[in-house]
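Asks: Attaching a single structure in C-alpha cells format; questions to follow.
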Amino acid sequence: MNSFTSNDDRRPVYFTMTSITERAWDELANAARSRSPFNFLQLATSGLDGSPQLRTVVLRRCDPKEATITFITDTRSPKAIEIGRDPRVSLLGFDPARMIQLRLSGNAQLITDEQKRHEIWAALPERTTALFKMPLAPGTAISDDGDALHRAALDNPDVAFARLAVIIVRLSRLEWLDVSGEDHLRWANELTASGWKDVRLSP
Ligand SMILES: Cc1cc2nc3c(=O)[nH]c(=O)nc-3n(C[C@H](O)[C@H](O)[C@H](O)COP(=O)(O)O)c2cc1C
C-alpha cells in the first residue's frame, strides 16, 4: 500500500491511496448536498463539429457505490444534443482554498425514468424550474435589449417539465490532484477490466 504523510499543517494527512479515493468520493457526495467548490463542475463535451465544449453545471447527485454523478439541463441545449451524439464527457472541479483539482471522466446518459425525473424536478428551487418555462431555447440569439425575454409568454409547467434533461454520468476515472504543498500529490481511481484500481501518479 502506498502511503504519504505530511507535516504541512495546511493540508490533510493522507494515509493510503484507498483513503484518498474514499475522500474524493466523499467530497463529491458532500458537494451534491451542499455548497462546496465541487458543487460547480466544468463539463466538457465534444461539439457537433468535434471541437471541445466547456460549461459549468451544478452537481445534483452523487452515488459513490454506483460511481455516478447527476446534473440537469434543458433538452434543447447544445450540451444535451452533443451528449446524445457522443456520450463521453469529462468534468473538472477546483477548490481554490485547498488547491485541489478533481478531474472526472465517464459516459453520460439521459435518465428516462419518470419517477426519478419528478423527484429531481420537485427538489429544484422555483428560480430553476422557471428557466425551463422559457419558450426560447438556450443559446437562441435575441436583441441586445433582451426584450424578447421580457415579452415571452412563459410556457406552462408541463411543457417546462418535459424539457428537463436529467443526465447521469457513469464515471470510469476520477483523479485527485493536491498542489497545496511543496510536493504535488496526484492519484487516480480508474475502472479497469478487473475492477476499480487506485494508482498514485507523478504529478
Ligand atoms: C454557476 C453556474 C451554474 C450553472 N449550472 C448549470 C446547470 O446545472 N445546468 C445547465 O444546463 N447549465 C448550467 N449553467 C449554464 C451553463 O454553464 C451554460 O452556459 C448553459 O447551460 C449553455 O450551455 P450549452 O450551450 O453548452 O448547452 C450554469 C452556469 C453557471 C455560471
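The values are calculated or read from the model by the stated rules, or taken from the named source; none is laboratory data. Not measured: the values here are computed from a predicted model. All Cβ positions, glycine included, derive from the backbone under ideal geometry; neighbour counts span all protein chains shown. Calculation scope for accessible area: heavy atoms of the full protein, side chains included, ligands and nucleic acids excluded. Shrake-Rupley method; radii C 1.70, N 1.55, O 1.52, S 1.80 Å.
Asks: May I ask you to verify whether residue 41 is open to solvent by less than 50 Å² (accessible area, probe 1.4 Å), within 11 Å of the ligand (Cβ to nearest atom), under 12 Å from the mean Cα position of the chain (by Cα) and aliphatic (A, V, I, L, M)? Write out each step before concluding.
Replies: Working: open to solvent by less than 50 Å² (accessible area, probe 1.4 Å): yes; within 11 Å of the ligand (Cβ to nearest atom): yes; under 12 Å from the mean Cα position of the chain (by Cα): yes; aliphatic (A, V, I, L, M): yes.
When the stated conditions are applied, residue 41 passes them.
Asks: Is it fair to say residue 76 is outside any helix (DSSP H, G or I) and open to solvent by 10 Å² or more (accessible area, probe 1.4 Å)? Don't jump to the end; show me each part of the working.
Replies: Values: outside any helix (DSSP H, G or I): yes; open to solvent by 10 Å² or more (accessible area, probe 1.4 Å): yes.
Judged against the criteria, residue 76 is a match.
Asks: When you look at residue 130, is it modelled with pLDDT of 95 or more, of a type outside the set (Lys, Arg) and farther than 26 Å from residue 92 by Cα, yes or no? Give the steps one after another, and end with the answer.
Replies: Numbers: modelled with pLDDT of 95 or more: no; of a type outside the set (Lys, Arg): yes; farther than 26 Å from residue 92 by Cα: yes.
In short, no.
Asks: Go through (1) over 19 Å from the mean Cα position of the chain (by Cα); (2) of a type in the set (Lys, Arg); (3) open to solvent by 80 Å² or more (accessible area, probe 1.4 Å) and name the single condition residue 170 misses.
Replies: Going through the list (1) over 19 Å from the mean Cα position of the chain (by Cα); (2) of a type in the set (Lys, Arg); (3) open to solvent by 80 Å² or more (accessible area, probe 1.4 Å), residue 170 breaks only (1).
Asks: Which ones in segment 58-72 are open to solvent by less than 10 Å² (accessible area, probe 1.4 Å) and within 6 Å of the ligand (Cβ to nearest atom)?
Replies: Result: 71, single match.
Asks: Could you list all residues from segment 99-127 that are farther than 25 Å from residue 196 by Cα and surrounded by 15 or more Cβ atoms within 10 Å (Cβ to Cβ)? Let's see the steps before the verdict.
Replies: Filtering segment 99-127 for residues farther than 25 Å from residue 196 by Cα gives 99, 112-127.
Answer for segment 99-127, where residues must be farther than 25 Å from residue 196 by Cα and surrounded by 15 or more Cβ atoms within 10 Å (Cβ to Cβ): 99, 117, 120, 121, 124.
Asks: Report yes if residue 187 is in contact with a helix residue (DSSP H, G or I) (Cβ under 7 Å, 6 or more places away or on another chain) and either of a type in the set (Ser, Thr, Tyr) or surrounded by 11 or more Cβ atoms within 10 Å (Cβ to Cβ) (or both), otherwise no. Reasoning before the result, please.
Replies: Working: in contact with a helix residue (DSSP H, G or I) (Cβ under 7 Å, 6 or more places away or on another chain): yes; either of a type in the set (Ser, Thr, Tyr) or surrounded by 11 or more Cβ atoms within 10 Å (Cβ to Cβ) (or both): yes.
When the stated conditions are applied, residue 187 passes them.
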